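Worksheet for the structure shown next.
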Amino acid sequence: MKVVRRIADLHLGTANVGLVPTMGALHDGHRALFRAARAENDVVVASLFVNPAQFDEQSDLAAYPRDETHDAAIAEEDGVDVLFAPTPDEMYPPDFATWIDVADVGAEGAARSGHFRGVATVCVKLFNIVRPRRAYFGQKDAQQAAVLRRVVRDLNLPLEIRVMATVRDADGLALSSRNVRLTPEEREQALGLPRALHAAAAADDPVAAARAHLNGLQPEYVEVVDLGGAKVLAAAVRVGTTRLIDNVLLEGELS
């Protein structure tokens, strides 16, 4: 596997490329994306970039786990050909002044002002730098995937957004790089989120049912989100200082 840090050094030619954008702290959810990209493309590129533009809280950015050696080993093991690991200055030079603003960014966007502006901007940059045929995202970030599908459609970008099923631990908690911050007691509390969403999926009023099943967790939002071809029941909660998101599919298909 080749590690590339400068945009000018990324030479992929005309290969059929699959891109997996990541912020590192890789886990089995990322492995699933790498494997999907490996099965469908000639070359797999994973980006490793903690994007400062998508953090609405500086404390969250500072606390985000970083271990490039560990991440590189996982990426290589699961078939990544190129690990693109730029610095913030490489992606956002000092005079950077162009941003992608997306309207109607759903419950997650409303809860995190400016978040999807940062996500859309960095992903469009990655799409232009890597020129992939397909880009891969997890269902846990379904609202992000929906935003990026709209960006791709609206800006006529020549790639497909692929959404893979959420990967969960044996206890049902959706894998997330932020899970490492949870104490054992907080992790037990966090299980109330997936349990509430799954219990509410078949209810006549899934939002009310999910809120009733949250077992003391206070949600930032619980909302049915239309993702264009699919609807998910999505929620965000804080457990201690850790913010967690999750969703379950109500109807349609994400992929």
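The values are calculated or read from the model by the stated rules, or taken from the named source; none is laboratory data. The model shown is predicted, which means the values in this text are computed figures rather than measured ones. FYI the Cβ positions are ideal-geometry reconstructions off the backbone, even for glycines, and counts take in every protein chain you see. Protein only, heavy atoms only, side chains kept; ligands, DNA and RNA dropped before computing areas. Shrake-Rupley method; radii C 1.70, N 1.55, O 1.52, S 1.80 Å.
Out of everything in the stretch 108-151 that is within 14 Å of the chain's Cα centre (by Cα) and among the small types (Gly, Ala, Ser), what residue ends up being farthest from Thr22 (Cα to Cα)?
This residue is Gly109.
For the stretch 233-242, does any single residue satisfy the condition of being open to solvent by 20 Å² or more (accessible area, probe 1.4 Å), outside any helix (DSSP H, G or I), under 18 Å from Gln143 (Cα atoms) and of a type outside the set (Lys, Arg)?
Scanning the stretch 233-242, I find no residue that is open to solvent by 20 Å² or more (accessible area, probe 1.4 Å), outside any helix (DSSP H, G or I), under 18 Å from Gln143 (Cα atoms) and of a type outside the set (Lys, Arg), so the answer is no.
Cβ contacts < 6 Å: first residue without any contact (Cβ under 8 Å) to a residue 60 or more places away in the chain and within 15 Å of Asp60 (Cβ to Cβ), restricted to the stretch 230-255; second residue among the acidic types (Asp, Glu) and open to solvent by 10 Å² or more (accessible area, probe 1.4 Å), any location; separation 6+ or different chain. Result?
Listed pairs, sorted by first residue: Val239/Glu186; Gly240/Glu186.
Hey, among Ala103, Ala62, which residue is assigned to a loop (DSSP other than H, G, I, E, B), modelled with pLDDT under 95, of a type in the set (Gly, Ala, Ser) and open to solvent by 40 Å² or more (accessible area, probe 1.4 Å)?
Details: Ala62 fails: assigned to a loop (DSSP other than H, G, I, E, B).
On inspection, the qualifying residue turns out to be Ala103.
Restricting attention to the stretch 152-166, which residues are within 17 Å of the chain's Cα centre (by Cα) and not acidic (Asp, Glu)? Steps first, answer last, please.
Step one: filter the stretch 152-166 for residues within 17 Å of the chain's Cα centre (by Cα), giving 152, 160-166.
Answer for the stretch 152-166, where residues must be within 17 Å of the chain's Cα centre (by Cα) and not acidic (Asp, Glu): Val152, Ile161, Arg162, Val163, Met164, Ala165, Thr166.
Pick out the one residue from Leu182, Leu173 that is in contact with a Gly (Cβ under 8 Å, 6 or more places away or on another chain) and farther than 25 Å from Cys123 by Cα. Give the steps one after another, and end with the answer.
Numbers: Leu173 fails: in contact with a Gly (Cβ under 8 Å, 6 or more places away or on another chain).
So the residue among Leu182, Leu173 that is in contact with a Gly (Cβ under 8 Å, 6 or more places away or on another chain) and farther than 25 Å from Cys123 by Cα is Leu182.
Give the residue that is farthest from the chain's Cα centre (by Cα), with candidates limited to residues of the stretch 33-47 that are surrounded by fewer than 23 Cβ atoms within 10 Å (Cβ to Cβ) and not small (Gly, Ala, Ser). Talk me through it step by step, then tell me what you get.
To start, the set of residues in the stretch 33-47 that are surrounded by fewer than 23 Cβ atoms within 10 Å (Cβ to Cβ) comprises 35-36, 38-43.
Imposing the further condition that a residue be not small (Gly, Ala, Ser) reduces the set to 35, 38, 40-43.
Details: Arg35: 16, Arg38: 19, Glu40: 20, Asn41: 20, Asp42: 23, Val43: 21 Å.
Selected residue: Asp42.
Checking Thr121 against (1) under 21 Å from Ser177 (Cα atoms); (2) modelled with pLDDT of 95 or more; (3) in contact with a Phe, Trp or Tyr (Cβ under 8 Å, 6 or more places away or on another chain); (4) open to solvent by less than 20 Å² (accessible area, probe 1.4 Å): exactly one of these is not met. Which one?
The number of the failed condition is (1).
Mind checking which residues of the stretch 196-217 are open to solvent by 40 Å² or more (accessible area, probe 1.4 Å), touching a strand residue (DSSP E or B) at 6+ places or on another chain (Cβ under 7 Å) and within 19 Å of Arg243 (Cβ to Cβ)?
Residue satisfying the conditions is Arg211 alone.
Of all residues in the stretch 138-189 being of a type in the set (A, V, I, L, M, F, W, C) and open to solvent by 40 Å² or more (accessible area, probe 1.4 Å), which is farthest from Asp246 (Cα to Cα)? Even if it seems obvious, please write down each step before you answer.
The first filter runs over the stretch 138-189 and keeps only residues of a type in the set (A, V, I, L, M, F, W, C), leaving 142, 145-148, 151-152, 155, 157, 159, 161, 163-165, 167, 170, 173-175, 180, 182.
After this cut, where a residue has to be open to solvent by 40 Å² or more (accessible area, probe 1.4 Å) as well, the list is 155, 165, 167, 170, 180.
On the way: Leu155: 28, Ala165: 12, Val167: 11, Ala170: 16, Val180: 16 Å.
Among those residues, the one meeting the criterion is Leu155.
For the stretch 1-47, give me each residue that is part of a helix (DSSP H, G or I) and within 17 Å of Cys123 (Cβ to Cβ).
Here is the first cut: in the stretch 1-47, the residues part of a helix (DSSP H, G or I) are 7-9, 28-40.
Hits for the stretch 1-47 are Ile7, His30, Leu33, Ala37.
Hey, does the stretch 65-79 have a residue that's closer than 21 Å to Ala146 by Cα, assigned to a loop (DSSP other than H, G, I, E, B) and open to solvent by 30 Å² or more (accessible area, probe 1.4 Å)? Please lay out each step first, then the result.
First, pick out the residues of the stretch 65-79 that are closer than 21 Å to Ala146 by Cα: none.
Taking every residue of the stretch 65-79 in turn, none turns out to be closer than 21 Å to Ala146 by Cα, assigned to a loop (DSSP other than H, G, I, E, B) and open to solvent by 30 Å² or more (accessible area, probe 1.4 Å).
Failed condition for Val124, given (1) part of a strand (DSSP E or B); (2) out of contact with any Ser or Thr (no Cβ under 8 Å at 6 or more places or on another chain); (3) among the hydrophobic types (A, V, I, L, M, F, W, C), with all others met?
Only one criterion is unmet by Val124, namely (1).
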